[in-house]
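Visitor: The structure's right below; bear with me while I get my questions together.
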Amino acid sequence: MNTACSFLTGAGLGAGLMYMLDPQMGGRRRALARDKMVRLSHEAQDAACVVGKDFRNKAQGLASGDLTTLVGGKRALEHPFTGGWSPSGRALMAGLGAGLFVYGLTRSAPMSCLLGTLGCVLAAEGITNTGIDDITEAAGEITERAKHLAGRAGFGKRKSREQSAEMMPAGEFPF
């Protein structure tokens, strides 16, 4: 098992190096990868600036005595699972979720599952800023679309024995 895993790891690394160091297209691939990394670093810097500015604004609100600034106002406190969190709230939520997930990895069975699930939910809410209502609505739409496509493909329709016998070539049995 260990030998197979080592072989697959080496083969994957070798294929990746061959792909990136290809004499004909490797330079283009490396330039594209470099450009994507530069773009991602600029986006991360911009996001850090936005979160930092939001943290400063929240701190000023807290200094004035308004605790609702932490979550985005009084309306956000009434419906906390509808999304629309501020950037600093999202950053805190994602960090707390990741921390809970990692802490859950150190615990034993039932507690680890609970902490890991809660951590994943908080991190997903912080990263996507999508409320639970939006997620359940999207899941319902996907289910309805899958049922519609399955119906169009003929799945879920029951055939009588006569229809099944007509579709079968002569001499074949259904079992």
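Rule-based calculations on the coordinates, nothing more; no lab input. Just so you know, these numbers come straight off a predicted model, no measurement behind them. All Cβ positions, glycine included, derive from the backbone under ideal geometry; neighbour counts span all protein chains shown.
Visitor: Label points 7 Å out from Cα along the Cβ direction at R56 and M18: separation in nm?
Guide: 5.3
Visitor: Okay, next question. Multiply the residue gap between T117 and A11 by 0.36 nm, knock off their C-alpha separation, and tell me the result in nm, one decimal place.
Guide: 34.7 nm
Visitor: Follow-up question, since we're still on this one. Give me the one-decimal nm value for the distance between modelled label points at R29 and Q45, 7 Å along each residue's Cα-to-Cβ direction.
Guide: 2.9
Visitor: Could you work out how much longer the chain between A139 and A153 gets when fully extended? Use 0.36 nm per residue separation minus the Cα distance between them, nm to one decimal.
Guide: Contour length minus Cα-Cα distance gives 2.9 nm.
Visitor: Something else about it: How would E141, E125 line up from fewest to most surrounding beta-carbon atoms within 10 angstrom?
Guide: Result, fewest neighbours first: E141, E125.
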